[in-house]
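Report on the following structure.
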Amino acid sequence: MLKLHYHPLSTYSRRVRIALIEKRIGAELIEVDMVQRAHRGPEYLALNPYGRVPTLVEDGFVLYESTAILEYLESTHPEPALVPADARGRALVAMHMKLCDIQLARQTGIIIFPKRFLPRERWDEGAMAQAKKEIEQHLAILERQLAGRQYLVGDRYGLAEVCYTPFVEFFPLMEITPPPAVAAWCARQLERPSARETKPAV
Ligand SMILES: N[C@@H](CCC(=O)N[C@@H](CS)C(=O)NCC(=O)O)C(=O)O
């Protein structure tokens, strides 16, 4: 039985929960009590020495880093497929997953962590403004790539979208208005049952 150590408010954990639902994979969800700092306790650090969620465990095999977990689930449960069959399609998915992390996820964390969890006097407004600018530049690139398309790779929803969904959820909180093709693509992701079921409370 698969076990997923996660937190309901964690964007990276949400990627894996979305993939589990999309691929109809049964897993035991184990909530890590991050408020009580359980992710920094010896038991959890023995699983994931970085003290972050998500972590997947299957029969003693331990895996962390959400994109690695998504790729593992794709290899072990290939149907329904969330990546194309051909090498170029798969490589493009890998490219978009990586770009999601370095051009959007990191910057989103800089803005939404303080907005969700810190009092305003502790916000680093300069860093938040810079992160917002970088996100807007990234969205301008995605807008060109999504012109006339429904999804980033091929004509089907896939792992690239799974990676983006938890982060595009926060555009309103970040006061970011995506350009039209990106906005339509975000709506397509967020209306899926897998996104609705995993939507965080804050
Ligand atoms: N690159 C990691 C990022 C995981 C991550 O940063 N998770 C956050 C929650 S969304 C976390 O556990 N933060 C706790 C900490 O860094 O102390 C992944 O893709 O899984």
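The values are calculated or read from the model by the stated rules, or taken from the named source; none is laboratory data. What you are looking at is a predicted structure, and each value in this text was computed from that prediction instead of being measured. Cβ placement follows ideal geometry from the backbone for every residue including glycine, while neighbour counts extend to all protein chains displayed. In case anyone asks, the SASA skips ligands and DNA or RNA and just uses the protein heavy atoms, side chains included. Shrake-Rupley method; radii C 1.70, N 1.55, O 1.52, S 1.80 Å.
Computed over all pairs of different Cα atoms, the Kirkwood value for the hydrodynamic radius of the stretch 1-111 is 14.8 Å. Remark: the stretch 5-72 carries a charge dipole of roughly 280 debye about the Cα centre, counting +1 on each Lys and Arg Cβ and -1 on each Asp and Glu Cβ. For Leu29, nonlocal amide neighbours, meaning residues 5 or more places apart or on other chains whose placed amide H falls under 5 Å from its own, are Leu4.
For the chain, a Gaussian network of Cα nodes joined below 10 Å ranks Ile141, Ile69, Ile21 by mean-square fluctuation, and the top entry is Ile141. Taking the chain as a Gaussian network of alpha-carbon nodes connected by springs under 10 Å, the highest mean-square fluctuation of the residues Ser66, Ser75, Ser13 belongs to Ser75. Quick one: pull the percent of accessible area on the stretch 51-202 belonging to carbon and sulfur, 1.4 Å probe, ligands and nucleic acids left out. Carbon-and-sulfur percentage of accessible area, whole number: 55. Per residue, the accessible area of the stretch 14-151 comes to 57 Å² when a 1.4 Å probe rolls over the protein heavy atoms.
Note on Tyr50: accessible area approximately 130 square angstrom, rounded to 10, probe 1.4 Å, nucleic acids and ligands left out. Taken one residue at a time, the phi angles of the stretch 142-147 give Karplus couplings (6.51, -1.76, 1.60, θ = phi - 60°) of 4, 4, 5, 6, 8, 4 Hz. Gly and Pro are set to x.
Considering only the other residues whose Cβ falls under 12 Å of the Cβ of Gln189, what net charge follows from Lys and Arg at +1 and Asp and Glu at -1?
+2
For the pair Leu9 and Glu134, label points projected 7 Å from Cα toward Cβ lie 2.3 nm apart.
Rounded to the nearest 20 debye, the dipole size of the stretch 1-139 about its Cα centre is 420 debye, using +1 on the Cβ of Lys and Arg and -1 on the Cβ of Asp and Glu. Taking the Cα atoms of the chain, the ratio Rg/Rh between the radius of gyration and the Kirkwood radius comes to 0.96.
Remark: relative contact order (the chain) = 24 percent; criterion is Cα-Cα distance under 8 angstrom and separation of 6 or more residues.
When only alpha carbons are used to place a centre, the stretch 154-197 and the stretch 5-74 end up 21 Å from one another.
Give, as a single signed number, the net charge of other residues whose beta carbon lies under 11 Å from the beta carbon of Tyr72, with Lys and Arg counted +1 and Asp and Glu -1. Neighbourhood net charge equals -4.
Put Lys132, Lys199 in order of accessible area, highest first, and with a 1.4 Å probe you get Lys199, Lys132.
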